[in-house]
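Pasting a structure here, questions to come.
FYI, it's all coordinate maths here, none of it is from the lab. A quick note: this is a predicted structure, and the numbers were derived from the prediction, not measured. Note that we place each Cβ from the backbone using ideal geometry, even for glycine, and neighbour counts take in every protein chain shown.
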Amino acid sequence: MTLIKSISGIRGTIGGKPNDNLTPLDTVKFAAAYGSWLKQHSPRNNLKVVIGRDARISGKMVQDLVVATLTGLGIDVVDLGLSTTPTVEIAVPLEKADGGIILTASHNPKQWNALKLLNEKGEFLNAHEGAAILALAESSDFTFAGVEDLGRVTVNDSYLDRHIDAVLDLSLVDAAIIRKAGFKVVVDGVNSTGGIAIPRLLERLGVAVVPLYCEPNGHFPHNPEPLREHLGDICERVVVEKADFGIVVDPDVDRLAFISDDGEMFGEEYTLVACADYVLGKTPGNTVSNLSSSRALRDVTEKHGGRYEAAAVGEVNVVARMKETNAIIGGEGNGGIIYPESHYGRDALVGTALFLMLMAERGGTVRELRASYPAYFMGKKKIALTEGLDVDGLLSAMENRYSNEEVTTIDGVKIDFADSWVHLRKSNTEPIIRIYTEARSREAADALADRFIGEIREAAGL
């Protein structure tokens, strides 16, 4: 079964049987539920929804189904065509729309697609709103419009350029400074819309671009999640081209990773650290990331005199905490930069511009920049449990066992030690506990995970 229904949308593989995969019937049902929910909660009669998609092979088919369903409900649609997640997020309030849908399965392989749902601010729905839409989808309580009241479609392909204009207008971005630095950068756009957006931004900033997999044809040349094991080609290309660094994005361009000048990974976790370092150096303030992100952000924030806060895992939770603490930058350790001066969403274009400013002003190499930050290494493991075990009870037992340490329970159990931490989260879909660790060496991070696997097994009597 490869259809995943969650509060943030619906995601699945194309084809197969309804309710098991993302078929046309599932696509229509979920789009109808979202549109019907908007009609129930908006005070306006003439509703408008912005839609954009990444370059997946199934994208046009899924888009046609979603557009037809929304217009069938009497909702107007602004069609951005090939776009990025942050571009759609920016377009929603600019269009004074009631919501938005991004057609992308993010870092999933090409057989996947998804509907990611936004509110009128261009931000992801919260848990309550998502649950209401899921309930509507199950009930199929939809009322479609009559022939005189069908929605209209407006095509607007200007928003990628408007997005780039907005990035260039940010107070901490100075194109002249970047242009003077004379950077040469390799860009891996994984043959999706990042191959359009990132080179176009770089060219506006006077950066020499070496494109790699920048044809938006949806045929991903490697697993699209920007992890080291998938990025051998760009790592090699950066060295061959004698480039200053490489840029890698996922298919919908909300995650950002850098390759250092020596062909090594800068580290997705350190994308946010570097961008925050630059922003905090200009405008001191607070930061937020999720519980499973690197401690390095806390270290850098405190170095600049700010306060770091952790949020539950999930972009909507990070955004909520950022608003509560007036954070000036935040995000997630997967390379997601959230910069409120632009908008409350992960944005690889914004992250790229901030990183270029940091490098242009600081000088030196990307390898040297990475070495200047605290060195942490992360481990990610899981432990399978027998059906019927009390997972919440096991997590509570770990919390009690380490009550003398700094313990956070807003999302599973996170235990902070002097030089390391462990984060234990139960899966919502299978009987496992996910174990995330961080320490001063990879061996120490793995050893900490193995230690907790042993302690959980002991507590469970396994």
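How large is ³J(HN,Hα) for each residue in region 61-75, as worked out from phi by the Karplus curve 6.51 cos²θ - 1.76 cosθ + 1.60 (θ = phi - 60°), to whole Hz, x for Gly and Pro?
Result, rounded to whole Hz: 4, 5, 4, 4, 5, 5, 4, 5, 5, 5, 5, x, 7, x, 9.
A follow-up question, please. Can you work out the base-10 log of I(q)/I(0) for region 285-376 at q = 0.15, 0.17 1/Å, using the Debye formula on its C-alpha atoms alone?
-0.57, -0.73
Hey, another quick one. List Ser158, Ser83 from most exposed to least, where exposure is judged by having the fewest other Cβ atoms within 10 Å.
Ser158, Ser83
With only alpha-carbon atoms counted, please give the Rg and Dmax of region 32-145, in Å.
Final numbers for Rg and Dmax: 13.2, 39 Å.
What does the extension gain come out to for Asp141 and Ser372, with contour length at 0.36 nm per residue minus their alpha carbon separation?
Full extension of this stretch gives 77.5 nm more.
Can you pull the one-decimal nm distance between simple spin-label points at Asp299 and Glu324, each 7 Å off the Cα toward Cβ?
About 2.7 nm, to one decimal.
Starting from the Cα-Cα distance between Asp169 and Asp64, subtract it from 0.36 nm times their residue separation and give me the gain in nm to one decimal.
34.4 nm
Please find the FRET efficiency linking Ser6 to Val153, where r is the Cβ-Cβ separation and R0 is fixed at 35 Å, and quote it to the nearest 0.05.
For Ser6 and Val153, the calculated efficiency is 0.80.
Of all DSSP beta bridges in the chain, what percent run antiparallel (nearest 5)?
Antiparallel bridges: around 60 percent, rounded to the nearest 5.
As a test of the formula, what do you get for the chain when each DSSP H run with n ≥ 4 contributes -39,500 (n - 2.57) and the sum is divided by the residue count, at 222 nm and rounded to the nearest 500 deg cm²/dmol?
-12000 deg cm²/dmol
Spin-label point model (7 Å from Cα, Cβ direction): what's the Ser396 to Val240 distance in nm?
Placing both labels 7 Å along Cα→Cβ, they lie 5.8 nm apart.
Something else: Can you classify the chain as rounded, prolate or oblate using the Cα gyration tensor, where a ≥ b ≥ c are the square roots of its eigenvalues, rounded means a/c under 1.5, and otherwise it's prolate if a/b beats b/c and oblate if not?
Oblate is the answer for the chain, as a/c is 1.5 or above yet b/c matches or exceeds a/b.
Separation between the Glu387 and Lys17 pseudo-spin-labels, each 7 Å from Cα along Cα→Cβ, expressed in nm?
Once both label points are built, they end up 1.9 nm from each other.
Applying the Karplus parametrisation 6.51 cos²θ - 1.76 cosθ + 1.60 with θ = phi - 60° to the phi angles of region 172-187, what ³J(HN,Hα) value in whole Hz is obtained for each residue in order, glycine and proline being reported as x?
After applying 6.51 cos²θ - 1.76 cosθ + 1.60, I find 9, 10, 10, 4, 5, 5, 5, 4, 5, 5, x, 6, 10, 9, 8, 10 Hz.
Highest mean first, what order results for 240-251, 71-82, 159-170 on Cβ atoms within 10 Å?
Ranking, from highest mean packing down: 240-251, 71-82, 159-170.
Now a separate question. Given Cβ point charges of +1 (Lys, Arg) and -1 (Asp, Glu) and nothing else, what value in debye, to the nearest 20, does the dipole of region 208-315 about its Cα centre take?
For region 208-315, the charge dipole is close to 460 debye.
Quick one: compute a quarter of the convex hull surface over the Cα atoms of region 163-371 and quote it in nm².
Mean projected area of the Cα convex hull: 10.1 nm².
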